[in-house]
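Comments concern the structure below.
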Amino acid sequence: MVKISQIKYVHPNKDEVLSKLAGFKRRFEEAKSIEEFYAVHDEYKTYHEALGTNIRIAMIRFTQDTRDEFYAKEQDYLDEISPEISVANAEIAKCYLNSPFRKQLEERFPKVMFTNLQMAVDANDPRIVADKVEQNKLTTAYTKLMSGIVIDFNGEKLPMSGISKYFTVPDRDLRKRAYTAWGQAIEGNKEQIDELYDKLVKVRTTMGRKMGYDNFSPLGYLQMQRNCYTKEDIAKFRANVLKYLVPLASKIRAKVGKELGITKQYLYDNSVFTKDEPKPIGTPDDLFANASKMYNQMSAETGKLFDTMVESECFDVMSREGKWGGGYCEGLPAYKLPFILSNWNGSAGDIDVLTHEFGHALEFYKSFFIESEFLSSISMETAEVHSMSMEFLAYPWIHLFFGDKTEEYKFTHIGGAVTFIPYGTIVDYFQQTCYDNPDMTPAERNAFYNKIEKQFLPHMTTEGLPAFEDGRRWQRQAHIFETPFYYIDYCLAQFTALQFLALSQQDYEATFAKYNKFLDYGGTKTFVELLDSCGLLSPFEEESFKLVVASCEKILGL
């Protein structure tokens with residue numbers, strides 16, 4: 001069995017890659033029959049998956065240790081060549097879109113594939129290649145900056161991600177000091193962070209204008225594969241979040257405040273939902289043993305996948321210096337393996353991230369066997385439904401991880417899911433405003449963030465906290481720098497996952513079957529089509545908010 005650490009990485013020669021892709025394009029264009037076209041398609045798929053796997057291995061090793069000189073240089077190199085590769089792949093996409101055999105192709109491949117291919121072509125215009133190279137350099141600089149920060153706190157030297165273990169401790173003063181140290185770390189690097197984001201906004205605005213748009217937003221939507229909803233739909237969702245979910249979040253926080261005896265809640269109270277912090281029981285090995293038990297009992301497919309991933313070293317979960325501070329699941333299609341990286345810190349979030357990323361892993365695994373996925377992948381909001389819903393579908397086994405603190409964990413988890421959506425909506429609203437108004441100064445951006453944070457999170461204050469009271473909380477949100485507009489996806493997905501939670505309380509087996517049906521479609525339907533096909537509510541309709549709020553109030557006893 002292959003192990004991730006043993007997979008050989010081969011430095012890709014840009015000219016050879018581009019020559020190979022150009023060869024595929026020529027052969028597609030010269031195909032004299034649909035059979036000949038399909039033969040080239042099969043070769044291209046194999047090459048595309050091998051190249052993608054190789055590039056992802058480099059990315060994985062860079063994020064495992066951002067101080068590794070070899071993979072740091074490789075990441076810089078890949079940042080430089082990836083825009084040209086994307087353009088070359090977009091040229092191949094045109095072969096499917098403009099093929100004389102288009103009618104036969106549409107009989108074999110899903111309709112949405114052609115929609116997505118057209119969006120990919122439009123988003124990878126050759127005119128913006130140089131700008132994308134500059135963008136990649138800036139995002140990598142942000143990753144290196146944030147990964148390199150070490151915080152001296154409570155007798156430990158902690159990376160930015162590591163200090164978050166103190167955000168949920170019962171000791172309020174310790175939480176305050178942890179947030180203060182976290183804020184000071186941002187404050188100490190604010191000039192560099194401001195400069196990086198200002199440059200990113202400007203280079204992305206240049207890209208959008210080269211494409212004929214007023215600003216970056218339309219291009220950002222193309223890049224995020226928004227194939228079934230618009231900026232106006234998001235504005236409608238945002239208005240309903242403010243109308244329905246903000247009051248629900250405030251009710252939850254009021255109940256927490258009463259239990260904890262807190263009259264005025266600060267940012268450092270925001271992640272605490274119970275008097276005693278629910279923490280996972282046992283060592284990391286114990287947690288993995290219980291996760292194996294859970295997934296083997298959940299279904300034969302989930303059990304086999306989890307155990308295979310463990311044997312193949314597809315989990316890197318412990319936090320350490322130099323490691324990238326976030327969490328992700330990446331697919332390695334050449335080996336039919338997903339890989340998960342996270343930063344465990346001993347908090348309940350360790351289990352959240354394990355179940356969340358395994359939801360992504362299950363989706364990756366299923367999609368490896370869908371022929372069109374390498375051409376037209378699942379859109380992000382759909383992928384996040386897979387992961388966030390898996391967190392709730394783990395509930396029948398959650399006692400394995402939390403013992404007598406299980407009910408406290410559930411209240412914390414559900415409460416956190418509900419209160420997250422207003423925050424996630426802020427992140428998207430902030431980005432939309434920054435790109436719609438690219439001449440805003442760093443000070444104006446921070447002031448706007450402060451304004452909307454008070455509007456959507458009225459139950460808490462950042463008063464007296466370094467960086468945060470100045471509206472700089474967004475600067476720790478890597479998505480804002482690395483993947484613009486990739487955050488509202490979490491909100492749409494969390495909303496949908498809350499529906500899976502409500503349904504699972506009524507009939508778990510039927511809900512799990514519905515969840516699998518949702519995953520089995522892969523990227524063959526749009527998000528809105530998937531919701532309709534699986535009998536789920538649309539987050540763009542007001543009635544869905546009324547139903548979700550009523551369900552959550554019942555479950556949480558509000």
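Observations on the structure shown:
- Between helix 488-506 and the chain there is an angle of about 70 degrees, using the helix long axis and the longest principal axis of the Cα atoms.
- Think of the chain as having a plus end and a minus end, set by charges on the Cβ of Lys, Arg, Asp and Glu; of Ala550, His479, Ile414, Ala550 sits farthest toward the positive end of this dipole.
- Among the lysines of the range 253-370, pairs that are 8 or more positions apart or on different chains and have alpha carbons within less than 24 Å of each other number 14.
- Relative contact order (%) - criterion: Cα under 8 Å, at least six apart; region: the range 375-532: 41
- Of all DSSP beta bridges in the chain, antiparallel share, percent nearest 5: 70
- Spin-label pair Glu36/Ala443, simplified geometry with 7 Å Cα→Cβ offset, distance in nm: 6.6
- Between Met309, Ile281, Gly261, the Cα set farthest toward the positive side of the dipole of the range 253-331 (charges on each charged residue's Cβ, about the Cα centre) is that of Gly261.
- Accessible carbon and sulfur surface of the chain relative to its total accessible area, %, 1.4 Å: 51
- Protection proxy ranking, highest mean first, for peptides 172-184, 256-268: 172-184, 256-268, where packing is the per-residue count of other beta-carbon atoms within 10 Å, averaged.
- Ranking Tyr335, His48, Phe392 by how far each Cα lies toward the positive end of the dipole of the chain (charges on Cβ) leaves Phe392 at the top.
- Modelled this way, with points 7 Å down the Cα-to-C-beta line, the labels at Asp68 and Asn98 are 4.1 nm from one another.
- Cα centroids of the range 211-255 and the range 382-435: 18 Å apart.
- For the range 158-250: lysine pairs under 28 Å (alpha-carbon distance), excluding those fewer than 8 apart on one chain: 12
- Förster radius 35 Å - calculated FRET efficiency between Asp286 and Lys157 (Cβ-Cβ, nearest 0.05): 0.85
- Counting only aspartates and glutamates at least 8 places from Lys546 when in the same chain, those with an alpha carbon closer than 19 Å to its own are Asp233, Asp532.
- Model label points for Lys546 and Arg209, set 7 angstrom from Cα along the Cα-to-Cβ axis, are 4.7 nm apart.
- Computed extension gain for Thr433 through Tyr9, at 0.36 nm per residue and net of the alpha carbon distance, reaches 148.6 nm.
- Computed from the Cβ-Cβ distance with R0 of 22 Å, the FRET efficiency linking Arg127 to Glu191 stands at 0.10.
- Spatial offset of the range 107-140 relative to the range 306-322 amounts to 31 Å, using the alpha carbon center of each.
- The sum of -39500 (n - 2.57) across all DSSP H runs of n ≥ 4, divided by the residue count of the chain, sets its helix-only mean residue ellipticity at 222 nm to -21000 deg cm²/dmol.
- The order of the peptides 1-9, 449-457, 481-489 by mean Cβ neighbours within 10 Å, most packed first, is 481-489, 449-457, 1-9.
- In plain terms, the chain from Gln506 to Ser19 could stretch by 169.7 nm, reckoned as 0.36 nm per residue minus the Cα-Cα distance.
- Remark: the Asp532-Ala300 segment gains 80.8 nm on full extension, using 0.36 nm per residue and subtracting the alpha carbon distance.
- Relative to the Cα centre, the charge distribution of the range 100-183, modelled as +1 at Lys and Arg Cβ and -1 at Asp and Glu Cβ, gives a dipole magnitude of about 120 debye.
- Student exercise, the chain dipole from Lys, Arg, Asp, Glu Cβ charges, in Debye to nearest 20: 680
- Using a cutoff of 8 angstrom between alpha carbon atoms and counting only pairs six or more residues apart, the relative contact order for the chain works out to 19 percent.
The values are calculated or read from the model by the stated rules, or taken from the named source; none is laboratory data. Predicted, not measured: the structure shown is a model, and the values here were computed from it. Cβ: placed from backbone, ideal geometry, glycine included. Neighbour counts: every protein chain shown. When the accessible area is computed, the model is the full protein with side chains, heavy atoms only, and any ligands, DNA or RNA have been set aside. Shrake-Rupley method; radii C 1.70, N 1.55, O 1.52, S 1.80 Å.
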